[in-house]
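Asks: Below is a structure I'd like to ask you about.
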Amino acid sequence: YAIAPYLWMAGMDGTMKIADQEQDVDVPFGDIIDNLDFAFMGHFDMRNEQWVISSDIVFVDLGHDQDVTGEGGVAEGTLTTGMDMTLLEVVGGYRVSPAVALLAGARWVDMGGSIRYSGDVVGENAEASKSWVDPLVGVHLFAPLSEKWWLGARGDVGGFGVGSDFTWSAMGTIGYRFRLFSEENNARAAAGYRAIYQDYSEGSGNNRFEWDVTLHGPILGLVIEF
């Protein structure tokens with residue numbers, strides 16, 4: 001068994017559309033702390049020689065302000081793009097070798113988005129809340145480099161029109177084993193990079209919602225085995 005609290009400093013790149021209001025979503029991961037209202041991330045898995053079951057949860061609440069300028073570059077107001085998202089993933093896998101597991105499962109997405117104007121700028125506020133489930137298939141690779149160092153990689157694709165039109169995710173990590181409250185090397189410090197792309201659309205007219213965004217950035221975590 002393993003639990004892993006972690007920090008994913010994910011920037012966003014893409015577009016969000018609510019009704020007839022479309023807004024670019026462009027927040028570099030270096031600016032995430034300034035725009036982050038709250039976040040929680042964690043991972044749990046259990047495995048034996050053949051089977052793997054894992055779950056992962058990510059919750060983020062972001063708000064991004066940008067000035068809206070008129071003629072002559074004079075600021076007229078502020079455009080605020082808000083987003084809160086929960087990703088809950090559950091997958092099962094079969095280990096075809098000690099280093100390779102084939103995965104299948106689902107990722108539940110719950111999202112709220114808003115576009116708001118303030119000041120003298122003229123614009124219609126818009127907000128939406130959507131939930132959907134993406135089936136997914138993927139592969140997980142785990143390669144020990146030595147008794148203490150290891151490399152990990154994981155990728156999956158999904159959606160297939162059931163939830164998202166298409167989604168994919170990829171992650172690569174490097175880690176170091178050490179002892180934590182034990183006589184064995186039962187903990188791993190991990191660092192790497194993670195990305196998730198989602199292309200989701202639903203509704204029409206005033207009920208139209210589109211989310212075509214990639215979340216990507218460095219990841220840091222602590223894995224504790226028991």
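Asks: Considering the stretch 159-170 alone, what residues qualify as being among the aliphatic types (A, V, I, L, M) and open to solvent by 60 Å² or more (accessible area, probe 1.4 Å)?
Replies: Within the stretch 159-170, VAL162 is the sole residue that qualifies.
Asks: Exactly one condition in (1) modelled with pLDDT of 95 or more; (2) farther than 28 Å from VAL100 by Cβ is not met by ASP134; state its number.
Replies: Going through (1) modelled with pLDDT of 95 or more; (2) farther than 28 Å from VAL100 by Cβ one by one, ASP134 breaks only (2).
Asks: What is the number of the single condition among (1) part of a strand (DSSP E or B); (2) among the polar types (S, T, N, Q); (3) surrounded by fewer than 16 Cβ atoms within 10 Å (Cβ to Cβ) that SER182 does not meet?
Replies: Condition (1) is where SER182 drops out.
Asks: Could you figure out which of (1) open to solvent by less than 40 Å² (accessible area, probe 1.4 Å); (2) at pLDDT 90 or above; (3) within 25 Å of SER164 (Cβ to Cβ) isn't true of ALA4?
Replies: (3)
Asks: Now for a different question. Among what's in the stretch 204-219 and is modelled with pLDDT under 95 and open to solvent by 40 Å² or more (accessible area, probe 1.4 Å), pick the residue that is nearest to the chain's Cα centre (by Cα).
Replies: Looking at the filtered set, the residue picked out is HIS216.
Asks: If you don't mind, another one. Being assigned to a strand (DSSP E or B) and modelled with pLDDT of 90 or more narrows it down to one residue among MET16, MET46, MET12; which is it? If you could, list the steps in order and put the result at the bottom.
Replies: On the way: MET16 fails: modelled with pLDDT of 90 or more; MET12 fails: modelled with pLDDT of 90 or more.
Matching residue, one of MET16, MET46, MET12: MET46.
Asks: Could you list all residues from the stretch 59-76 that are assigned to a loop (DSSP other than H, G, I, E, B) and at pLDDT 60 or above?
Replies: Going through the stretch 59-76, the residues assigned to a loop (DSSP other than H, G, I, E, B) turn out to be 70, 74.
Passing the criteria: only GLY70.
Asks: Follow-up. Given the condition among the hydroxyl-bearing types (Ser, Thr, Tyr) and closer than 17 Å to ILE57 by Cβ, answer yes or no: does some residue in the stretch 97-111 qualify?
Replies: Pass one, the stretch 97-111, residues among the hydroxyl-bearing types (Ser, Thr, Tyr): 97.
From the residues that got through so far, the ones that are closer than 17 Å to ILE57 by Cβ too are none.
For the stretch 97-111, residues among the hydroxyl-bearing types (Ser, Thr, Tyr) and closer than 17 Å to ILE57 by Cβ: absent.
Asks: Further, regarding this structure: Quick check on the stretch 100-158: of everything there that is among the basic types (Lys, Arg) and either part of a loop (DSSP other than H, G, I, E, B) or crowded, with 19+ Cβ neighbours inside 10 Å (or both), which residue is nearest to the chain's Cα centre (by Cα)? Spell out how you get there, then give the answer.
Replies: First pass over the stretch 100-158, keeping only residues among the basic types (Lys, Arg): 107, 116, 130, 148, 154.
The next check asks that each one be either part of a loop (DSSP other than H, G, I, E, B) or crowded, with 19+ Cβ neighbours inside 10 Å (or both); those that pass are 107, 148, 154.
On the way: ARG107: 11, LYS148: 28, ARG154: 14 Å.
That would be ARG107.
The values are calculated or read from the model by the stated rules, or taken from the named source; none is laboratory data. Only a predicted model underlies this, so the values are computations on that prediction, with no experimental measurement involved. All Cβ positions, even for glycine, are placed from backbone atoms using ideal geometry, and neighbour counts span all protein chains on display. For the accessible areas, the whole protein counts, side chains as well, though only heavy atoms, and no ligand, DNA or RNA atoms are used. Shrake-Rupley method; radii C 1.70, N 1.55, O 1.52, S 1.80 Å.
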